[in-house]
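Bear in mind these aren't lab numbers, they're just calculated from the coordinates by the rules spelled out. Just so it is clear, the structure is predicted and the values come from calculations on it, not from any experiment. For neighbour counting, all protein chains shown are included, and Cβ atoms are generated from backbone atoms with ideal geometry for every residue, glycine included.
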Amino acid sequence: MEELTIGTNKAVGQLHLYLQHQLWLLTLNDELHLAPIKNPQHVLDIGTGTDPWSYSHPFDYIHGRALATSFQDIRSVITSAFTSLSPGGYLELQDGALPMRSIDSSLSGTSLDLWQHLTISAAAKLGKSWDAVHTTWAKGERVKLLGRYWQEDLNRGLEAISMAALTRAGGMSKEEVLELTGRARRDVFDKNIHAYMPVHELLFMAGSQL
């Protein structure tokens, strides 16, 4: 993995985005997108601005990635994006899906498993649904590299994913969340836990049915 020098919060955020970008490049075999677009004139990347649906023109291509935890009602966002497409335009969405799974029973009963289920339950109480990658136990160099990026991405995102949900609706204090994520973090790097996260690629064309 390429080394990045971390010195500021901005740099930490940029590294997180870099890790996610590398994860998706590996997942999609070095493709930036799967939509069969050719020379689109109006493109929107969801999450890079505010109030995106106020534009006066429709879009030939709308892309969104890792947005499941970003919106209160992701379905309304998808509907708004779909109705903002030009004829023949494409909406492409890519995201991971909690809960994580394992190829055996090694995830069951771990702190990582407890963390994800408590977080999902608390998020549901706040009206958010997070239904939806391997770590380095997987075989094959490409999948192992994918796992290394995923480990570091999850390692850096545990608190960001769960802190608000667990303190607002999970009945936990900040200190309790930090203690839980600390234990979950050790599980993330435990090669005896054969966990992975399913990912979804959704591709819609204007004129089709959602």
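Based only on Cα atoms, what mean projected area does the convex hull of segment 9-205 have, in nm²? Mind showing how you got there, number by number?
Numbers: hull surface 48.3 nm².
With the hull built on Cα positions only, its mean projection is 12.1 nm².
Distance in nm between label sites at residue 200 and residue 141, each 7 Å beyond Cα in the beta-carbon direction?
3.4 nm
Explain nothing, just compute: Karplus ³J(HN,Hα) = 6.51 cos²θ - 1.76 cosθ + 1.60, θ = phi - 60°, for every residue of segment 107-119 in order, whole Hz, x for Gly and Pro.
3J(HN,Hα) across segment 107-119, in whole Hz: 7, 4, x, 7, 5, 5, 5, 4, 4, 5, 6, 5, 5.
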